[in-house]
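Input: a single structure, listed below in structure tokens.
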Ligand SMILES: Cc1ncc(COP(=O)(O)O)c(C=O)c1O
């Protein structure tokens, strides 16, 4: 049984004494009661608590409490402890000057005045809903047992639990750097800072910026722009149409006028459009950065989701060590692991570590060690191969289903990897109304107005195909096709009327 919390009273030894005496306790509690600071019925510190706190003997405390009980200031209740009396003794105190009404109730402070950060609702996958809005991979494709095995194995690593490295667990940073070098990136373990998902990589880089003016594609992953804005960053949107080449000349004009400090870019399997930059476009972005003097933060979240263990070049591989490179294991392993990282160089890393430390001090070493073990044992590569095959099959099936089910006028991107594509629909379709009708039929889609800066120049939805197995995907796309057909039919009917 939990006892009521006890009052905390500050006792001071009188005169030149070093320790509090029984008289000091009596005098202090009488004065506190007379001043109305001891609410009747409240519990006093147990004898052993005062003995411990003040470094005095149990007998001293007991003698003081006995005296106060005798005077009627306190009452002792067997086994429950000592309490502030509400009887004659207390009235005596009142005559001595204490307020009859007892101590005033503690005042209520105002609620914190909070800023709203506009975000889409965070709905965990539950029940039978067919979630086309998820960028996660189907949990059935994730190596839960092997991760559990690695956790068990690292639990007893000597010294693991003594401290944490604010930069991240060194063997994990080693393993990450090795993987990135194999992809043509110049990265050593000292260049890597682990983070809580790549979301914290974006957070740390933005916090560390000397000037928070950040360019991003428009549309872009809305939690990035919400994050940058919440850190007071000024955003510069660069129009992106996933069906067209990058308008690099237009971007150059916007960037030259706005002079951002950083361009945050998702070069592969862009969220929310699924678009990937061609190698030629990557060199174009590097040229703009060099000519217009802005840094690059490359978010490579989807690159491990390309078929057959293949990778395409990254900005970091082409552009060298100044390019800040962020990636994450959360989508491809367990979302609950929440481990990402950012690779910088000897000049950027100290500022990024400092930014990480002010936010979280460090990551859980246990999780990082388990992940390092998973990489070390080769389990991650085995898992990626199996997952990529499964995702390839889902992607192919998704394209077939879209061909079969989507009404005329609807088109989509063909990312060839990653977890999502963009479905562009005629402007006559009311996206919110469509989402509401689909929700009634247990299909979840998420229009992304928050991904756009200003009026959206695209009219569509991201579709995640990595989360649902092919039977459920077929059902979801059949319902989506039917609802789109109905929306287009009624829009056409409306136009004729
Ligand atoms: C493009 C992109 N970058 C970064 C993140 C952050 O993911 P995490 O923190 O799980 O690594 C996400 C999450 O969906 C994303 O879509």
Residue in the range 433-442 that is touching a residue at least 40 places away in the same chain (Cβ under 8 Å), surrounded by fewer than 22 Cβ atoms within 10 Å (Cβ to Cβ) and under 24 Å from the mean Cα position of the chain (by Cα) present: no
Residue satisfying all of: in the range 301-350; out of contact with any helix residue (DSSP H, G or I) (no Cβ under 8 Å at 6 or more places or on another chain) and under 17 Å from residue 181 (Cα atoms); nearest to the ligand (Cβ to nearest atom) among these: 303
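How many residues does the range 122-151 hold that are touching a helix residue (DSSP H, G or I) at 6+ places or on another chain (Cβ under 7 Å) and not in a helix (DSSP H, G or I)? Give the steps one after another, and end with the answer.
Taking the range 122-151 as the starting set, the residues that turn out to be touching a helix residue (DSSP H, G or I) at 6+ places or on another chain (Cβ under 7 Å) are 130, 132, 136-137, 141, 143, 146-147, 150-151.
The next check asks that each one be not in a helix (DSSP H, G or I); those that pass are 130, 132, 136-137, 143.
Number satisfying all stated conditions: 5.
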Number of the condition not met by residue 428 [criteria: (1) buried (at least 16 other Cβ atoms within 10 Å of the Cβ); (2) in contact with a helix residue (DSSP H, G or I) (Cβ under 7 Å, 6 or more places away or on another chain); (3) at pLDDT 95 or above]: (1)
Residue ID - surrounded by the fewest Cβ atoms within 10 Å (Cβ to Cβ), chosen from residues in the range 193-234 that are within 10 Å of the ligand (Cβ to nearest atom) and part of a loop (DSSP other than H, G, I, E, B): 221
Pairs, first within 27 Å of residue 312 (Cβ to Cβ) and without any contact (Cβ under 8 Å) to a residue 60 or more places away in the chain in the range 257-269, second part of a helix (DSSP H, G or I) and more than 10 Å from the ligand (Cβ to nearest atom), C-beta under 6 Å, six or more apart: 267/315
First in the range 338-355 and in a helix (DSSP H, G or I), second anywhere and within 16 Å of the ligand (Cβ to nearest atom), Cβ under 7 Å, 6 or more apart: 349/193; 352/193; 352/204; 352/205; 352/342; 353/193; 355/204; 355/207
Among (1) in contact with a helix residue (DSSP H, G or I) (Cβ under 9 Å, 6 or more places away or on another chain); (2) buried (at least 20 other Cβ atoms within 10 Å of the Cβ), the one test that residue 393 misses: (2)
Residue within the range 469-487 that is at pLDDT 95 or above, in contact with a helix residue (DSSP H, G or I) (Cβ under 9 Å, 6 or more places away or on another chain), surrounded by fewer than 18 Cβ atoms within 10 Å (Cβ to Cβ) and not in a helix (DSSP H, G or I) present: no
Subset tally (residues that are buried (at least 18 other Cβ atoms within 10 Å of the Cβ) and touching a helix residue (DSSP H, G or I) at 6+ places or on another chain (Cβ under 7 Å)) for the range 355-382: 13
So residue 154, is it touching a helix residue (DSSP H, G or I) at 6+ places or on another chain (Cβ under 6 Å) and either away from the ligand (no atom under 16 Å from the Cβ) or not assigned by TED's automatic domain parsing to the domain that holds residue 301 (or both): yes
Residue check, residue 267 surrounded by 24 or more Cβ atoms within 10 Å (Cβ to Cβ), under 21 Å from residue 345 (Cα atoms) and touching a helix residue (DSSP H, G or I) at 6+ places or on another chain (Cβ under 7 Å): yes
Pair list, Cβ under 9 Å, 6 or more apart: the range 126-154 residue over 21 Å from residue 437 (Cα atoms), other residue modelled with pLDDT under 90 and away from the ligand (no atom under 16 Å from the Cβ): 154/160
The range 235-257, residues that are within 16 Å of the ligand (Cβ to nearest atom) and closer than 21 Å to residue 463 by Cα: 240, 242
Set 450, 434, 438: member being within 30 Å of residue 329 (Cβ to Cβ) and not in a loop (DSSP other than H, G, I, E, B): 450
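Of all residues in the range 368-416, how many are assigned to a helix (DSSP H, G or I) and farther than 30 Å from residue 172 by Cα?
Applying the first criterion (assigned to a helix (DSSP H, G or I)) to the range 368-416 yields 368-376, 379-405.
Next, from what is left, pick out any that are farther than 30 Å from residue 172 by Cα: 393-405.
The qualifying residues number 13.
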Residues located in the range 34-71, provided they are at pLDDT below 95 and in contact with a strand residue (DSSP E or B) (Cβ under 7 Å, 6 or more places away or on another chain): 38, 39, 40, 41, 42
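The values are calculated or read from the model by the stated rules, or taken from the named source; none is laboratory data. Remember, predicted model here, so these are calculated numbers, not experimental data. Backbone-built Cβ (ideal geometry, glycine too); neighbour counts: all protein chains shown.
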